[in-house]
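First the structure, in the form of structure tokens, and then the observations on it.
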Amino acid sequence: MNKKTANLYVRFTAQNPLPFIGFVALAVLSLFVLTMSTKLNVINTYDGVMNNQTIVISDHEIANMPSKVYVYTNRNEKVYPMQMTSEVQYDAGNTILYVEGSGSESDLGHVKVDVPIGETTLFERVFLKGGKVNGN
């Protein structure tokens, strides 16, 4: 930016605060629109055991199971998206999932299973619920 253009900009904003107020209002409006349009999954995390494309979640019977779950031993290293291959079975308070996933290790052992239970917007999660979901 050359000096003449910079001087014109400073003189224009120093004489009238409307451009600065308009810029701030535009930034706040953009933030509002982006947070309203960004969707987030609401998830519940369960402990489970994975062996040969079968996941057993102990002591939980999960109603309305989605077609996709996310399995990991350490969320910071690798998360495996898994598709359901058949109906979910319930046995003595346990949930048994039959899954297949791309690039997954078939015998992970003790795992964490993230089950999507719904969807919310970033605005609702941050501004209305203060970052908390379901009172957690």
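Here, each number is a calculation from the coordinates, and none is a lab measurement. No experiment lies behind these values; they were computed from the predicted model shown. Neighbour counts run over all protein chains shown; Cβ positions are idealised from the backbone, glycine included.
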So GLN53 and THR35, fully extended at 0.36 nm per residue minus their Cα-Cα distance, gain in nm 2.8 nm
Scoring only Lys, Arg, Asp and Glu (+1, +1, -1, -1) among other residues with Cβ under 14 Å from the Cβ of VAL10 yields +3
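Which links in LYS68/LYS129; LYS78/LYS129; LYS39/LYS112; LYS78/LYS112 stretch past 21 Å when you go from one Cα to the other? Display every interim value, and only then the final one.
Details: LYS68/LYS129 26 Å; LYS78/LYS129 29 Å; LYS39/LYS112 23 Å; LYS78/LYS112 12 Å.
Table pairs above 21 Å Cα-Cα are LYS68/LYS129; LYS78/LYS129; LYS39/LYS112.
SER58: net charge of surrounding residues, Cβ under 15 Å, Lys/Arg +1, Asp/Glu -1, itself excluded?
Numbers: positive: LYS112; negative: ASP47, ASP59, GLU61, ASP91.
Charge balance in the 15 Å sphere: -3.
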As straight-line cross-link partners of LYS4, the qualifying aspartates and glutamates (C-alpha separation under 19 Å, not fewer than 8 residues apart within one chain) are none
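Would you mind calculating the gained length between ASN64 and LEU26 on full extension (0.36 nm times residue separation, minus the Cα-Cα distance), in nm to one decimal?
Numbers: separation 38, 0.36 × 38 = 13.68 nm, distance 4.15 nm.
Extra length from ASN64 to LEU26 when fully extended: 9.5 nm.
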Taking a label point 7 Å from the Cα of VAL126 along Cα-to-Cβ, the residues of region 33-58 whose backbone nitrogen sits under 13 Å from it are 33-40
